[in-house]
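> Please find one structure pasted underneath; my questions will follow.
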Amino acid sequence: MQLLYIKHSGSEFDVVIMVIPPSAPVLLTRNLLYTGITRAKKLLIILGSENIIKFMIQNVDSKKRNTGLEYKLKNLE
């Protein structure tokens, strides 16, 4: 079996299959769930534990991303 992963930032697809395995709580956020849901135009299939999905709905924690972008922009010389 091959897994095809295509990154399309902000894109929508007719069918989205979200696989949500048990993982670290910091990764199981409402924001991630929302992103997956909003990518589906016609059909959304979510594969995962009902408890994990409920946890994601309640997990509104949003961690600040440390990308270093500000530093890079200031040091463009």
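FYI, it's all coordinate maths here, none of it is from the lab. Since the structure is predicted, the reported quantities are computational estimates derived from the model, not experimental observations. Every residue, glycine among them, receives a Cβ derived from its backbone with ideal geometry; neighbour counts consider all protein chains shown.
> Could you list which residues have their amide H under 5 Å from that of residue 18, counting only those 5 or more apart in sequence or on another chain, with H placed in the peptide plane?
Close amide H contacts, sequence-distant or interchain: 45, 46, 47.
> Sorting 16, 26 on the 10 Å Cβ count, fewest up front, what's the list?
26, 16
> Arrange the following residues from fewest to most other Cβ atoms within 10 Å of their Cβ: 20, 57.
Arranged by neighbour count, lowest to highest, 20, 57 become 57, 20.
> Moving on to the next point. Apply 1/(1 + (r/R0)^6) to the Cβ-Cβ distance of residue 27 and residue 76, taking R0 = 35 Å, and write down the FRET efficiency to the nearest 0.05.
0.60
> Which whole-Hz ³J(HN,Hα) couplings does segment 40-46 yield from phi under the Karplus relation 6.51 cos²θ - 1.76 cosθ + 1.60, θ = phi - 60°, glycine and proline marked x?
Residue by residue, segment 40-46 yields 8, 8, 10, 9, 10, 10, 10 Hz.
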